[in-house]
1. Over the range B:40-132, what portion of Cα pair distances is larger than 23 Å, expressed as a whole percent?
2. What does the C-alpha gyration tensor say about the overall shape of the range B:137-196? Classify as rounded when a/c is under 1.5, otherwise prolate if a/b is larger than b/c, or oblate.
3. List, in order, the whole-Hz ³J(HN,Hα) value for each residue of the range A:742-750 obtained from phi through the Karplus relation with A = 6.51, B = -1.76, C = 1.60 and θ = phi - 60°; use x for Gly and Pro.
4. With 18 Å as the cut-off, how large is the P(r) tail for the range A:565-611, expressed as percent of Cα-Cα pairs?
5. Evaluate E = 1/(1 + (r/R0)^6) for A:Arg478 and A:Leu748, where r is the Cβ-Cβ distance and R0 equals 41 Å; express this FRET efficiency to the nearest 0.05.
6. About the Cα centre of the range A:50-293, how large is the charge dipole given +1 on each Lys and Arg Cβ and -1 on each Asp and Glu Cβ? Please answer in debye to the nearest 20.
7. Subtracting the Cα-Cα distance from 0.36 nm times the residue separation, let me have the gained length for A:Glu168 to A:Thr634 in nm, one decimal.
8. To the nearest 20 Debye, how big is the dipole of the protein assembly as shown about its Cα centre, given +1 on the beta carbon of each Lys and Arg and -1 on that of each Asp and Glu?
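Derivation of every value follows stated rules applied to the coordinates shown; laboratory data play no part. In this text, all values refer to a predicted model and were calculated from it rather than measured experimentally. Neighbour counts are summed over all protein chains in view; Cβ atoms, including those assigned to glycine, are modelled from backbone coordinates with ideal geometry.
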Amino acid sequence: MIRLLAAHRGTAALLALLTLTASLLVAGVPRALEASLDESAATMLRTSPPLTTALTVVLESTYSSDVPDGVEKVTQANDLWRAALPPNVRSVLDHTARFGYRTAWLQISATRHRYVSLAWANDVAPQIRYVAGKAPGPSDSPKRFEIALATEPAAAFDLKLGDTIEFEGYQGVITGLWEPLTPGGTFWNSYHSGMSEVVKRRPPLSEETDLFITALADGNALAKGKMDRLYNWTYQVNPTAITARNARDVLDGVADAGREVAGGPRSVSVATGLPIQGMGTSLVTGLDQLIKEFLDRLATTRALMAVLLGGLAVACFGTIALAVRLLGSRAHGSLTLMRARGGSLRQITVVGGGAIALAVAPAALVGAGLSLLVPGPSLPILLAGPVALAVAAIAYGCVQTARAHRQPIAESRDDVVTRRPSPRRIALEVLIVLLAAGGVQLLRTRGLGDDPFMMVVPPLLTVAAALVALRVYPFPLRLLLRLAARRRDAAPYLGVAMAARAATGATLPVLTLLPALAICAYGSVTADGLATAQRLAAWQQVGAEIRVQRSEGFPADLIERIRRTPGVEQVVPAAVGQTNAEVGFTGRDTAVVAVDLDAYRKLMAGSPLDIPRPAAGGALVSSDLAAMSSFDITWPERMTVQPKGKIASLPGVDNASGLALIVLPAQPKYTNTLLVNGDAEAVRKAVPAGTVVRTVEDALAEITSVPLVSSLVTGLRVVTLSLAAYALAAVAIMLVSGAAERARALTLLHAIGLTRRQAKGMTVLEIGPVLVLAVLAGLALGLGLPTLLGDGIDLSAYAGLPFGDYPIDPVTPALLAGGVAVVALAGVYLGGSRAKSR
Amino acid sequence: MHSLADLEAQAGAAKPAFGAAAHILCDNLVRIYKTEGVEVVALQGLDLLIDKGELIAIVGASGSGKSTLLNVLSGLDVPTAGLARVAGMDLLSMTAKDRLRFRRSVVGFIWQQTARNLLPYLTAQENVLLPMRLATGKADRARAGELLDLLGVADCAGRRPGEMSGGQQQRVAIAVALANAPEVILADEPTGELDSDTSEEVFGALRRANRELGVTTVIVTHDPMVADEVDRTIGIRDGRTSSETLRRTSEDGGVIAEEYAVLDRAGRLQLPRDFMTALDMERRVRLELERDHIGVWPANQGDEQS
């Protein structure tokens, strides 16, 4: 076995190399992708507000008589709640203990619009410093409390140490004034927002603002008070603990936790150990929503990568199978001799399959091992790819050997005429085509999802297309043969005739080349489409090459100064804001843009966006306001709007969250936004501090720098180029496989006057038709795949806007496929000459 | 004088079947290669009898069916119809397992191409051991050495085929064929690629194996030297045995060769083509039974017209 392999070490090395790279790719690419998915999950958790990602158990004393009556009980409850959470949630939490309780907002007596809430939290004390007085102590009456205020709200409410405030029948004596040790930061902005400052809120339709302050109180004193209290136990998620693999599990866990916390027959009071009815307890979290969004994006990524990796697996296996066949044909003589000398079919199969296993198995292992160098999680499932490839290659080798040596006859006479395909094979082909067609239909309606069958559909489709192409192949070949027959020169005819004779051997190459090129073209189209869509989304976000915003507004002289700055080409002033359109009883919240649309259109000429034309004598409004003949708005100035046209959206204006949109097509009197063309750096230097300058490039960088997006694009490129490389390898093997027979034929023809040039031409004509067929059909299928798969793979999550609303650009995939064909044909041309010179 | 009862008993007694004693028997053997729309009849009712221990040559033009016959006899190919028996084994009714056993221990085979007989990456000795290993899993190195010695290539035991001459390779190939002590050796033009001196060596080796090991040897050949050296040469034409040449040593020590036409069991006879051409025989001939022979005449003009 080893000697057999050593005798054909060149072919064995090729087989090993192909297996190694294929294993590296099928294990490494998903591994890198998983790493970026994990990174994406961690980034999502890190950048979301901490209280959104945290799970907070809330207990309202209003609805439950079963409330903890002191700090000790609340602390105990913290552990009990944690223990009550489902294990799959508990495992992703960090160990920070964060709990507390506060009263509802209580109006301060003898004031209007001023409210106070008494609070205790376990983690505040280490974060503050008393600048006057001391921390609040226990109270002697359930109606009277010692309280401590932060200096800023105390100053705002004009309260001093020792003052007493009254609120809804209670009294608070200020015994301490404190300052945060480190103002700002997550602690004060998120967990205890509003505790160290005055919170201002303006109720809808109210003319005045309500002011809210928080006063710290002694925990036990507060717990014994009679006021309604809101208890909370916050459990923070460890950002790196949620990964692409456990996200769904965590999501289920959060839902379970919600049910568990909300109570039910199984619940017991965490405070007292008694059964509770679930009244007043609830779980507050935004984690489930975040995970759902992440899972949507995850599903899309995995679906897309499944398509690409499926294609890659088909191409890899096809190329490896070609190499296996080549090794089989090289070892055919030896195995035939062994068979004739008394080797049983089993012995021959073991020798043939064993030789292939010797080449393939270590290579697959090394490939899988090398994939460990790619940063990413170690998943046992990632070994499955290389193992499956190796097993498939060995199985194919065994079957090939067994088929070739089933009969121990040395010579076969089936070269007399090609055999008709067996009914079994035709039935199998029809089945594959039907399955692919049905699968595509299902995919269009149901999407890829997690269904393994669905993920097999795109590769199956490419295989089905290859089978159809093979059935159609003889027809153009016949035409070509007729055309060649008319020529005086015999070489083209002989070349095409050789191609026709090689047609039966073309099955595996076409089954390899076509899926490789189809998925390669699809990957290329998708990567280009994604880039186009991301660019479009960046333009949509910014609304101009450079967008300059200043909340204080731009005075006319500043606008003029910016306009005259060297490097600035065009400036269009605009007012962008929100107002309430006076429609109906409560009005309609709406985004308002006042801009000279003609100037804006000129500014945006050459960009990928279209700016609507202004409507004569009125405003453009979104469809929900279009039915009105007129209505009033108060911003940017009080005015009456007369809708004259409809507009769904305007670049740079976010009205996706249910806001109506009004575009006033006139230069605004008040300008807070400048839309600029020119050099961003020059603009940045020209504007005063506090001005926000945002460019399309900034927005694009933001979109593309998301770990998931960048790794998806890298994955797409890696897979696309690998597929092109495998396609070339397949052609090379195809060329080498037929070399001996070709050399015999060319030597014979050379003896009767064939020139070197004619020999090269003949070789090109022999290989060319299959290659052109595979390239054209693969390219067509690849370009058609986005349409065929339809909404099955929706990349909106990556593009930042609905994906697929752009024309498919066939240039890059065509160049790629054409490149493969040209390189392959050049190789064939040179190979033809070498075959002849043997 | 036989009594009536004797005659009846004689008539009723079972006659030995055709070729019952033969070591190799082919009776009305047919091999048709069928492919889509085309049938190639390689053997069309071939009869052949070879006794145990015989050394015979089979000659015939290219495409006459010699190699097909050899493939059938070696168990590498299965005949379409007829009867083929080698060393008592019926080649048509053998199971795959029997066939494997047959190839392992009953026949040995030598091909024309020297390179095709031996695995290029094994030494001569390893090549001889290969059939033993395939058959029993054991390697009898002593026997391999004996065989190589018998065939005069003991010095090549450690060499690979690429390091041996064509004649040496063919003699090692004979050793390989003899490895499992077969009863029959079949050689398909074993000297076809060799010069006359080397051919002689190889043929000598075959004859030695035949004489010393008693193995029945069938050689398909174009080589007149080989054909002239064997006791019996069988000619094949169009898939049938057409002639046999028997050689015997005359009293004065010279070799007398007599060529016979072969009469099959159905009474069919192939006339040599040049005889037919010389007398312009076509379609029909006239036969006349004489006292001790049968006369064959071309059909006369009147006969042709009728």
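1. 34 percent
2. It is oblate, given that a/c is not under 1.5 and a/b is not larger than b/c.
3. 4, 4, 4, 5, 5, 4, 4, 5, 4
4. So the pairs more than 18 Å apart make up 51 percent of the total in the range A:565-611.
5. 0.95
6. My answer is approximately 160 debye.
7. Extending this stretch completely gives an extra 164.0 nm.
8. Dipole about the Cα centre, nearest 20: 840 debye.
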